[in-house]
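Notes follow the structure.
Any read-out appearing in this document is the output of simple, stated calculations on the displayed coordinates, not a laboratory observation. These numbers were taken from a predicted model, which means no experiment stands behind them. Counting neighbours? That spans all protein chains shown, and the Cβs are built from the backbone with ideal geometry, glycine included.
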Amino acid sequence: MELKHIAFIMDGNGRWAKRRLLPRKIGHREGVKALERVINACEKRGIKEVSFYAFSTENWSRPQEEIDALFDMVRKFADNELKSYVERNMTVRFMGDVTKLPKDTLDALNKITSAVRQNGEGMVVNIGLNYGGRDEIVTAVKALVDSGEEITKENIESRLYTKGMSDPDVIVRSSGEKRLSNFMLWQSAYSELIFIDDLWPDFNAATVDSIIDEYAKRTRRFGGLK
Ligand code: IPE
Ligand code: IPE
Ligand code: MG
């Protein structure tokens with residue numbers, strides 16, 4: 001089956017920094033560089049959609065200093081990189097309740113969404129910020145109930161942040177942790193899971209190639225017989 005959509009749980013920035021006796025912030029800075037490498041590699045290899053988990057609804061429990069540093073990086077990433085992706089005809093979208101983000105970060109994100117072309121032919125880049133899978137489902141169901149429409153899978157799906165996107169064919173998590181941590185709970189129903197020991201800041205084009213190779217070896221049955 002074609003590998004259309006890869007979703008990444010970007011984990012291990014803190015450990016990358018700790019191993020070098022550096023502040024966690026530096027790990028996140030290197031994590032942004034890895035994100036850029038991975039986006040470029042996926043684009044080159046013709047992947048149609050990529051999703052990234054950048055900040056979870058649970059990450060608010062981290063020290064305020066780290067949260068501030070993270071959103072400052074998101075703002076800079078939006079102003080520099082995301083802007084250039086939109087110019088390259090990619091579609092950039094966000095999932096999560098971004099209204100809770102610091103105002104300057106939110107302003108930078110809004111600038112990107114308003115610049116996205118309607119029928120961009122390029123890759124779709126979807127970034128989870130203040131994203132939680134359970135919150136996403138609750139928000140979608142609430143909207144559906146308010147609409148008075150029938151409760152069906154399709155009607156729930158059309159109210160998720162990923163509306164119009166395919167489910168991830170693969171979910172990749174870095175740093176050796178083997179869990180989803182509230183990421184794309186609805187969409188992951190039949191995703192292949194790939195866990196890689198490398199820390200996120202060490203991800204590069206070769207890692208993307210290894211994911212493509214591993215996916216090619218998997219047999220997807222969707223409950224049927226091969
Ligand atoms: C990045 O890795 C993921 C984010 C929440 C931004 P971590 O910051 O979780 O790094 P570790 O797990 O502490 O190594
Ligand atoms: C998951 O990583 C969230 C993101 C990658 C944004 P965490 O480091 O927050 O997950 P746990 O706490 O180890 O499950
Ligand atoms: Mg972590």
For the chain, convex hull volume per residue from C-alpha positions, Å³: 131
Cβ crowding within 10 Å averaged over residues, with 20-29, 71-80 ranked highest first: 71-80, 20-29
Amide hydrogen neighbours beyond the local backbone of Glu192, cut-off 5 Å, H modeled: Val170, Ile171
Alpha-carbon centroid distance for the pair segment 1-27 / segment 41-107, whole angstrom: 14
Ranked packing of 152-163, 40-51, most packed first, by mean Cβ within 10 Å: 40-51, 152-163
Tally of Lys pairs whose C-alpha atoms are under 22 Å apart, taken over segment 101-197, 8 or more apart or cross-chain: 5
